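See below for the structure under consideration.
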Amino acid sequence: MNCSISGEVPEDPVVSKKSGLLFEKRLIERHISDYGKCPITGEPLTADDIIPVKTGKIVKPRPVQAASIPGMLGMFQIEWDGLMLSNFALEQQLHTARQELSHALYQHDAACRVIARLKKERDEARGLLAQAERQIPMAATTAVGTTAVSNGKRVAEDEDVGPDGKKIRPGISHSVIETLTECNAGLSQQRKKRQIPATLAPVDAVARYTQLNSFPLHKTNKPGILSLDIHYAKDIIATGGVDSNAVVFDRPSGQIISTLSGHSKRVTSVKFAAEGELVVSGSADKTVRVWQSSENGNYDCRHVLKDHTAEVQAVTVHATNNYFVTASLDSTWCFYDLASGLCLTQVADASESEGYTSAAFHPDGLILGTGTSGSLVKIWDVKSQANVAKFDGHVGSVTAISFSENGYFLATAAHDGVKLWDLRKLKNFKTFAPYDDNTPTQSVEFDHSGSYLALGGSDIRVYQVASVKAEWNSIKTFPDLSGTGKATCLKFGPDAAYIAVGSMDRNLRIFGLPGEDQMED
């Protein structure tokens, strides 16, 4: 009698009650513990179903092959060959498993790439859809009830329109006001501890500034740079031109990063936002565009905002980098959420009919200054959108407005020159009239530390900032090398290390110390 599993004579035989088959006890017990069934019939089998068979002492007969040395060697050879064949089969199975695993990993990687591409296409489609919703006005249809007429203008039914025919804005919410207030508190505390940076260019260095470079950024058929802004951390410059383009320019390398084309008329104002990842531009085509930096270095249009009904003259970004304000000749200014491009409120002063020609946020962000075409400077409380102060005395449109970093001084430029205002006492304490009656002052700007003031008109002049009663000394006068006699915009670089100037030709000019610029290059 042989074991049904091994085919050998069992040393400790047992028999199954269910099938009657004979097994080696250790083999069948192990099989039952692993599988719980009979290895021959496949029936369920437990340890209680096997019965030991009592036999006399079994002496296994010696195989014929083991009776001699050549027979034993042949038996070993057969076992070795079987082992090699089994090993070969296992290697083949391992190779097949590796191939299947590699194929599965390749399919997984391909699937991940497809999913990533589809997600990217989905996000791009969503962005294009949102952009199209802002750019393309709802088509007027002839069906009754699809449009309404208000003050002679057609408006879509789904827009909230007030009795005066203007859109109803959601307003500046309580959470937004809290954000502005927290930012104001933090910046005010920093200002109390503020010290003039050691890296600021000294007065004697500024006095030795000269023109370092001239970069032709805009088109020759429509020359003129109307606005510029500098992102200090990246040392890149954005310019807005008469040619309806904005340009983002890398000053250290002297290369144009991106040309922002989309406006149909001159670009009157440009500002960086969100660590230089966004550029906001205002134009005479009545629109505001928000441009976002892409992976290839270009700036793509993210939002087109059409809330104004006249030329947009100024754009200013809040210190939180979450909001910005636009000012227009339609006598309103708009407060926008930067991420969504939503106009939260549009403010009009019912007592005045002049349009806005300039605007700037106070460094702390709770005060907004605007200049009008009627020679007025208006100070607004951003939280309540209330006009809290008015400064008069200028002649002509207020072309530029700049708050000092100390939080106390305001500089405004108009046809008659530059006036300095003390915000603590709400009065004018100094006036610069550098040009004749036929030469307007086009621009005015404090440096980021509040130590220098620059103004531009038929030339560029730099003054050292002093107190209300002290004399503000003239440090340097740069001639307008454009030949147009109009320095339309200017801004100090980081630590006043250079001054960027735009004029009515197509060139951006950089003034600084020749040695330092050559060292940078």
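The values are calculated or read from the model by the stated rules, or taken from the named source; none is laboratory data. Predicted model only: the values in this text are computed from it and were never measured. Heads up, the Cβs are rebuilt from the backbone with ideal geometry, glycines too, and the neighbour counts pull from every protein chain shown. Keep in mind that these areas ignore ligands, DNA and RNA; they rest on the heavy atoms of the full protein, side chains included. Shrake-Rupley method; radii C 1.70, N 1.55, O 1.52, S 1.80 Å.
Quick notes
- When segment 229-248 is limited to residues that are among the charged types (D, E, K, R) and assigned to a loop (DSSP other than H, G, I, E, B), the one that is nearest to L455 (Cα to Cα) turns out to be D235.
- Flag for V395 being farther than 26 Å from S227 by Cβ and of a type in the set (V, I, T): no
- Being farther than 26 Å from H303 by Cβ, at pLDDT 90 or above and either surrounded by fewer than 21 Cβ atoms within 10 Å (Cβ to Cβ) or out of contact with any strand residue (DSSP E or B) (no Cβ under 9 Å at 6 or more places or on another chain) (or both) holds for only one residue in Q195, Q211, Q189, and it is Q211.
- Taking (1) within 25 Å of F249 (Cα to Cα); (2) open to solvent by less than 30 Å² (accessible area, probe 1.4 Å) in turn, V418 satisfies each apart from (1).
- Check on K18, assigned to a loop (DSSP other than H, G, I, E, B), of a type in the set (D, E, K, R) and touching a residue at least 12 places away in the same chain (Cβ under 8 Å): yes
- First in segment 388-404 and touching a residue at least 40 places away in the same chain (Cβ under 8 Å), second anywhere and loosely packed, with under 15 Cβ neighbours inside 10 Å and among the hydroxyl-bearing types (S, T, Y), Cβ under 6 Å, 6 or more apart: none
- Residue tally, condition buried (at least 19 other Cβ atoms within 10 Å of the Cβ) and either within 20 Å of the chain's Cα centre (by Cα) or not aliphatic (A, V, I, L, M) (or both), over segment 263-275: 8
- Residue in segment 394-404 that is surrounded by fewer than 19 Cβ atoms within 10 Å (Cβ to Cβ) and within 25 Å of R424 (Cα to Cα) present: yes
- Being over 21 Å from the mean Cα position of the chain (by Cα), basic (K, R) and either surrounded by 15 or more Cβ atoms within 10 Å (Cβ to Cβ) or assigned to a strand (DSSP E or B) (or both) is a condition met by no residue of segment 220-228.
- Matching residues, segment 335-348, being touching a Phe, Trp or Tyr at 6+ places or on another chain (Cβ under 9 Å) and either open to solvent by less than 40 Å² (accessible area, probe 1.4 Å) or outside any strand (DSSP E or B) (or both): F335, Y336, D337, L338, L342, C343, L344, T345, V347
- Residues of segment 286-318 classified as out of contact with any Ser or Thr (no Cβ under 7 Å at 6 or more places or on another chain) and touching a residue at least 60 places away in the same chain (Cβ under 8 Å), total: 5
- For the residues T484, T431, the requirement of being among the β-branched types (V, I, T), part of a strand (DSSP E or B) and open to solvent by 50 Å² or more (accessible area, probe 1.4 Å) singles out T431.
- Of the numbered criteria (1) under 24 Å from N321 (Cβ atoms); (2) open to solvent by 10 Å² or more (accessible area, probe 1.4 Å), the one W380 fails is (2).
- Screening D235 with (1) open to solvent by less than 40 Å² (accessible area, probe 1.4 Å); (2) of a type in the set (D, E, K, R); (3) under 24 Å from K306 (Cα atoms) gives one miss only, at (3).
- E354 being over 17 Å from R169 (Cα atoms), among the acidic types (D, E) and touching a Ser or Thr at 6+ places or on another chain (Cβ under 8 Å): yes
- Pairs, first assigned by the TED database to the domain that holds G407 in segment 421-438, second polar (S, T, N, Q) and outside any strand (DSSP E or B), C-beta under 7 Å, six or more apart: Y435/T441; Y435/S458
- Complete set of residues in segment 492-505 that are buried (at least 23 other Cβ atoms within 10 Å of the Cβ) and of a type outside the set (S, T, Y): F492, A496, I499, A500, V501, G502
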